[in-house]
1. Picking from 344, 318, which residue would you name as being at pLDDT below 95 and either more than 19 Å from residue 189 (Cβ to Cβ) or touching a strand residue (DSSP E or B) at 6+ places or on another chain (Cβ under 8 Å) (or both)?
2. So, in the stretch 182-218, of the ones that are assigned to a helix (DSSP H, G or I) and free of Cβ contacts under 8 Å to residues at least 12 places away in the same chain, which residue ends up nearest to residue 245 (Cα to Cα)?
3. For a quick check of your reading: which strands (runs of 3 or more DSSP E) sit entirely within the stretch 276-377 and have at least 3 residues that are closer than 18 Å to residue 248 by Cα and in contact (Cβ under 8 Å) with a residue 60 or more places away in the chain?
4. Outside the structural domain of residue 45 (by TED's automatic domain parsing), closer than 19 Å to residue 278 by Cα and more than 23 Å from the chain's Cα centre (by Cα): is that true of residue 322 in this structure?
5. Take the stretch 173-191 and flag every residue that is under 15 Å from residue 143 (Cα atoms) and modelled with pLDDT under 95.
6. For the stretch 138-145, check the following and say yes or no: at least one residue is surrounded by fewer than 24 Cβ atoms within 10 Å (Cβ to Cβ), within 18 Å of the chain's Cα centre (by Cα) and within 17 Å of residue 366 (Cα to Cα).
7. Report, by residue number, each residue of the stretch 260-275 that is touching a helix residue (DSSP H, G or I) at 6+ places or on another chain (Cβ under 9 Å) and in contact (Cβ under 8 Å) with a residue 40 or more places away in the chain.
8. Consider residue 50 carefully, then state whether it is assigned to a strand (DSSP E or B), over 25 Å from residue 106 (Cβ atoms) and in the same structural domain as residue 13 (by TED's automatic domain parsing).
């Protein structure tokens, strides 16, 4: 690491949690003669890049800032440069700056600075609301606040997989959610659709998510995770509310998948340009009965497969004269093959908003998982 990069890193580490961007701007101005630095955070809807230090928001598709975000690449626009701010695949936004008069400004080092900033933003989130608030174009409902705080993130990338999820309506989501965790060569993924409206749905989904996490962290098998969450929800609501849930456990080395379909969302596989429905035997949603038993099912992904999971709020969305439906969903998923998972879910839900002509009436969740194959040599 160069002396300049070390100095910038130290400035970030020593910065107050709510002044990361200001301290970074001062440090890169001193070390690299960079000016006009700002952080553009992506909003909850994945539709706007919002400057932290002020200035106009960026909404136009194809803008250099969006190209840097979408393609995860350094993009130049005249004298201005844009660099993606990402940590472990979690795409947070874009760093914008103007290089100094020295044309040898090391772009690779400034790209590394942007990655450092991404990690520091994740750490700072526990100590300040500044960046959470800065990423909003409007106030969240209380239910949506709860749902977004529940998420593990919005995107993730490792050598063997890439993963992303998105919720709609982003600023007023209620019962739809997702969760994931990677451990011991396995990826655990759950997609949930809590019954009801408003806070009751958000609280129900929160209970299901924490029950599943508790069971997973205790080392229970997938079917037992479902059974424990089922019992927790029934004990609280006595069958009056339930959560439709899909639980997946992916063996990252082999592509083998174990699944529990508890009245789950829809699942499709995009393989070699063809969309295939992945049928599973539906079992009771979590919380319906006092003693439900769950049986895991198995299938295998091939290297390069894309797994797409959507809730009924996607394919049942109503336009002026029709539902969005399976045919439109299959066509759209087929077209996402060249997009990264976060671009894919963002594009799908944007297409859905265009189809219904505005905000969705029902919650919708979309999750996209690419399995790249065993990364081991």
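1. 318
2. Taking the candidates together, the pick is 210.
3. Working: elements: 297-300, 306-310, 364-371.
Because the criterion is at least 3 residues that are closer than 18 Å to residue 248 by Cα and in contact (Cβ under 8 Å) with a residue 60 or more places away in the chain, the strands (runs of 3 or more DSSP E) in the stretch 276-377 that meet it are 306-310, 364-371.
4. Considered against the rule, which asks whether it is outside the structural domain of residue 45 (by TED's automatic domain parsing), closer than 19 Å to residue 278 by Cα and more than 23 Å from the chain's Cα centre (by Cα), residue 322 comes out as no.
5. Result: 173, 174, 175, 176.
6. Within the stretch 138-145, one or more residues are surrounded by fewer than 24 Cβ atoms within 10 Å (Cβ to Cβ), within 18 Å of the chain's Cα centre (by Cα) and within 17 Å of residue 366 (Cα to Cα).
7. 265, 266, 268, 270, 273, 274, 275, listed by residue number.
8. yes
The values are calculated or read from the model by the stated rules, or taken from the named source; none is laboratory data. Given the structure is predicted, the values throughout are model-derived calculations rather than measurements. Counting neighbours? That spans all protein chains shown, and the Cβs are built from the backbone with ideal geometry, glycine included.
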